[in-house]
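Undergrad: Once you've had a glance at the structure underneath, I'll fire off some questions.
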Amino acid sequence: MTSEDTSRTAHPYVGMWVTADGFIRQELLADGRYHEARGDRRSAYTGSYTVTGDHIDYVDDTGFTATGDIRDGVLHHEHLVLHREGDEPARHRDRP
């Protein structure tokens, strides 16, 4: 294991991130890869990512690029807002 592998393993952003409705789930893996599920599509998008400070650069396996930023423990990935799994805001239902 290289020192780069060690830093990735220990990186605080590794793990599962989800939208409030649970429809989009993005898993950042310790090896610099990610898997993004959308609804029933388990690996709708896959690719690699790099982290610089609180900024994430994504390159999916087709060459498409995207970015994200962590602000106050929330991942803002393009137009999406994702929370660490288990920290997502509670869904509110209208009550009569």
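Where a number appears in this text, it was derived from the coordinates with a stated rule and is not lab data. The shown structure was predicted, so the numbers you read here are calculated from the model rather than taken from an experiment. Cβ sites come from the backbone with ideal geometry, for glycine too, and all protein chains shown count toward neighbours.
Undergrad: Provide the FRET efficiency to the nearest 0.05 for the Glu85-Phe64 pair, computing r from the beta carbons and using R0 = 22 Å. Spell out each step's value before the answer.
TA: Numbers: r = 24 Å, r/R0 = 1.10.
Efficiency, from the Cβ-Cβ distance: 0.35.
Undergrad: Can you tell me, using C-alpha contacts under 8 Å and at least 6 residues apart, the relative contact order of segment 3-84 as a whole percent? Display every interim value, and only then the final one.
TA: Details: 152 pairs, mean separation 16.9, N = 82.
Value for segment 3-84: 21 percent.
Undergrad: Find how much the distance from His11 to Ser43 grows on full extension, using 0.36 nm per residue of separation minus their present alpha carbon separation; answer in nm with one decimal.
TA: On the way: separation 32, 0.36 × 32 = 11.52 nm, distance 2.25 nm.
Taking 0.36 nm per residue and subtracting the Cα distance, the gain is 9.3 nm.
Undergrad: Considering the dipole of segment 3-84 built from charges on the beta carbon (Lys and Arg +1, Asp and Glu -1) around the Cα centre, which of Val59, Ala44, Tyr13 is farthest to its positive end?
TA: Of the options given, the answer is Ala44.
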